Amino acid sequence: MMKLVVSSKSERDIMIKLLDYLKNKDIDFYLDFEDPLSFQLEEFWVELCLSDIEIDKNEQATEILK
């Protein structure tokens, strides 16, 4: 399972909102059986939507939230 590490509760809240938004978009991937990358993208998408978000105070804040 994928784990996302953020530096604050506000960053965590933003990530949760973003992932919820993306999950609700219900994006359909076109799976091309001759292109293995299309399957990897779908697997990555599923992992991203199911990822755990952890707060680590040693992480530096992103530029967006400064």
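Is it true that Asp13 is open to solvent by less than 70 Å² (accessible area, probe 1.4 Å), farther than 20 Å from Met1 by Cβ and at pLDDT 75 or above?
Answer is yes for this residue.
If you go through the stretch 30-38 one residue at a time, do you hit one that is open to solvent by 80 Å² or more (accessible area, probe 1.4 Å) and at pLDDT 85 or above?
First, the residues of the stretch 30-38 that are open to solvent by 80 Å² or more (accessible area, probe 1.4 Å): 30, 33-34, 36-37.
Checking the rest, the ones that are also at pLDDT 85 or above come to none.
No, there is no match, as no residue in the stretch 30-38 is open to solvent by 80 Å² or more (accessible area, probe 1.4 Å) and at pLDDT 85 or above.
Report every pair of residues separated by at least 6 positions or lying on different chains whose Cβ atoms are under 7 Å apart, first residue within the stretch 2-29 and at negative phi, second at pLDDT 85 or above and assigned to a helix (DSSP H, G or I).
So the pair list comes out as Leu4/Met15; Val6/Arg12; Val6/Met15.
Which of the residues spanning the stretch 1-25 are over 11 Å from the mean Cα position of the chain (by Cα) and acidic (Asp, Glu)?
Listed by number, the residues that qualify are Glu11, Asp13.
The values are calculated or read from the model by the stated rules, or taken from the named source; none is laboratory data. Note that the coordinates shown come from a computational prediction; the quantities given were computed from them, not determined experimentally. Cβ: placed from backbone, ideal geometry, glycine included. Neighbour counts: every protein chain shown. These accessible areas exclude ligands, DNA and RNA; they are computed on the full protein's heavy atoms, side chains included. Shrake-Rupley method; radii C 1.70, N 1.55, O 1.52, S 1.80 Å.
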